[in-house]
Amino acid sequence: MSAPLISIVIPVYNEEDGLQALFDRLYPALDALGETFEVIFINDGSIDRSAALLRQQFERRPEVTRIVLFNGNYGQHMAIMAGFQRARGDIVITLDADLQNPPEEIAHLVKKMQEGHDYVGTIRRKRQDSLFRRSASRMMNKLREKITHIQMTDQGCMMRAYSSDIVNVINQCAEVNTFIPALAYSFAANPTEIEVAHEERTAGESKYSLYKLIRLNFDLVTGFSVVPLQIFSLLGILTSLGSVLFLFILLIKRTISDSFIVGLGALYDRDVLGFFLIGLTLFGIGLLGEYVGRIYQQVRARPRYIIKAVLEQKIADE
Ligand code: UDP
Ligand code: MG
């Protein structure tokens with residue numbers, strides 16, 4: 001098969017209940033485009049029947065389907081990385097396997113890319129997720145906006161289009177913990193955003209536990225900003241200045257009578273203050289640890305994921 005115009009990259013983790021519905025909508029939507037395409041599924045170590053279903057789909061549409069099977073669970077972003085390594089299209093589009101991103105929107109992304117953009121981000125119209133997820137996302141969006149240069153209205157929507165140039169640059173990044181939409185945005189010369197529909201998950205449950213979500217957001221923050229560390233340096237300076245102030249208050253208190261500054265006593269109640277400062281220090285050390293741990297993972301330079309098998313037709317040398 002010669003290089004197609006469009007590569008669709010889809011990470012799959014335990015999606016057995018929804019995969020057939022995805023195939024039933026995705027392939028007709030792509031056929032309707034009238035452009036050449038390939039679909040690359042990455043099975044991220046599913047322990048259900050996902051791999052078998054993907055294999056069946058490969059047998060049904062072998063000329064446009066490619067399957068990468070990981071030997072374990074390495075996370076959505078690593079799965080997409082593996083998809084990017086193999087994608088051959090001029091336009092590479094990522095979407096989720098759970099049909100939350102309607103395949104019919106692919107046409108709009110392609111059209112926008114053909115207007116000359118190298119990155120098309122998306123904003124979910126009427127997002128269909130829990131109130132908790134929506135408000136937590138809103139908060140993280142705001143924080144990211146403040147501490148990085150990345151301008152995304154809706155960072156969480158993974159249905160996005162990237163030019164092959166951007167994908168090539170991403171392929172040169174050996175990041176262990178990353179957040180692909182942000183990484184791509186930092187390389188894009190002419191990015192834009194469009195609104196897309198968002199649907200409820202067709203089947204199964206979200207694969208992100210609260211813990212995984214927190215880890216992912218730490219990846220986003222630590223991967224793209226050192227502002228949190230700088231805030232701690234500033235807090236350190238402020239605390240030192242504060243301690244000098246307390247010293248003066250103590251001195252005054254000693255020289256004048258106690259009753260004079262009775263109200264001030266509460267200010268430097270040593271237990272409360274001690275708790276506060278210990279808490280602050282521990283938080284600072286923890287934060288530092290988040291960065292150091294990632295540096296450690298990075299310097300060990302172990303393989304980021306292991307591919308067990310690839311199902312694809314022989315690709316002619318180009
Ligand atoms: N996913 C994955 N590996 C993981 C977690 C998720 O490949 O460790 C895939 C999952 O199958 C889906 C996409 O990433 O295609 C988004 O996951 P999910 O829909 O659970 O996330 P949410 O929509 O709740 O943010
Ligand atoms: Mg989902």
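The values are calculated or read from the model by the stated rules, or taken from the named source; none is laboratory data. This is a predicted model, so every value here is computed, not measured. Backbone-built Cβ (ideal geometry, glycine too); neighbour counts: all protein chains shown.
Of note:
- Pairs linking a residue in the stretch 43-63 that is β-branched (Val, Ile, Thr) to a residue that is modelled with pLDDT of 95 or more, with Cβ atoms under 8 Å and 6 or more positions apart or on different chains, are Ile47/Asn14.
- Of all residues in the stretch 164-191, those that are surrounded by fewer than 20 Cβ atoms within 10 Å (Cβ to Cβ) and aromatic (Phe, Trp, Tyr) total 1.
- Taking the listed residues Leu241, Leu250, the one that is surrounded by 11 or more Cβ atoms within 10 Å (Cβ to Cβ) and either within 16 Å of ligand 2 (Cβ to nearest atom) or aliphatic (A, V, I, L, M) (or both) is Leu250, with no other qualifying.
- Thr153 satisfies every condition listed in (1) away from ligand 1 (no atom under 16 Å from the Cβ); (2) assigned to a loop (DSSP other than H, G, I, E, B); (3) surrounded by 14 or more Cβ atoms within 10 Å (Cβ to Cβ); (4) among the β-branched types (Val, Ile, Thr) except (3).
- Test result for Leu247, aliphatic (A, V, I, L, M) and either modelled with pLDDT under 90 or closer than 30 Å to Ser46 by Cβ (or both): yes
- Residue count for the stretch 25-76, restricted to those that are away from ligand 1 (no atom under 16 Å from the Cβ) and farther than 17 Å from Gln313 by Cα: 9
- Output for the stretch 155-181, where each listed residue is aromatic (Phe, Trp, Tyr) and under 18 Å from Arg304 (Cβ atoms): Phe179
- Lys146 vs. criteria more than 14 Å from ligand 1 (Cβ to nearest atom), among the basic types (Lys, Arg) and over 18 Å from the mean Cα position of the chain (by Cα): no
- Residue list for the stretch 210-222, restricted to those being more than 13 Å from Ala136 (Cα to Cα) and either touching a Cys at 6+ places or on another chain (Cβ under 8 Å) or within 13 Å of ligand 2 (Cβ to nearest atom) (or both): Lys212
- Annotation note: Cβ proximity below 7 Å between a residue of the stretch 158-172 that is over 26 Å from Glu199 (Cα atoms) and a residue that is charged (D, E, K, R) (sequence gap 6+ or interchain) occurs for Ser164/Asp90; Asp165/Asp118; Ile166/Asp118.
- Once the stretch 192-212 is narrowed to residues that are surrounded by fewer than 17 Cβ atoms within 10 Å (Cβ to Cβ) and within 30 Å of Gly289 (Cα to Cα), the residue that is nearest to ligand 1 (Cβ to nearest atom) is Ser206.
- The stretch 272-287 residues that are closer than 22 Å to Val227 by Cα and free of Cβ contacts under 8 Å to residues at least 12 places away in the same chain, paired with ones that are surrounded by 13 or more Cβ atoms within 10 Å (Cβ to Cβ) and among the hydrophobic types (A, V, I, L, M, F, W, C) (beta carbon under 9 Å, 6 or more apart): Phe283/Phe232
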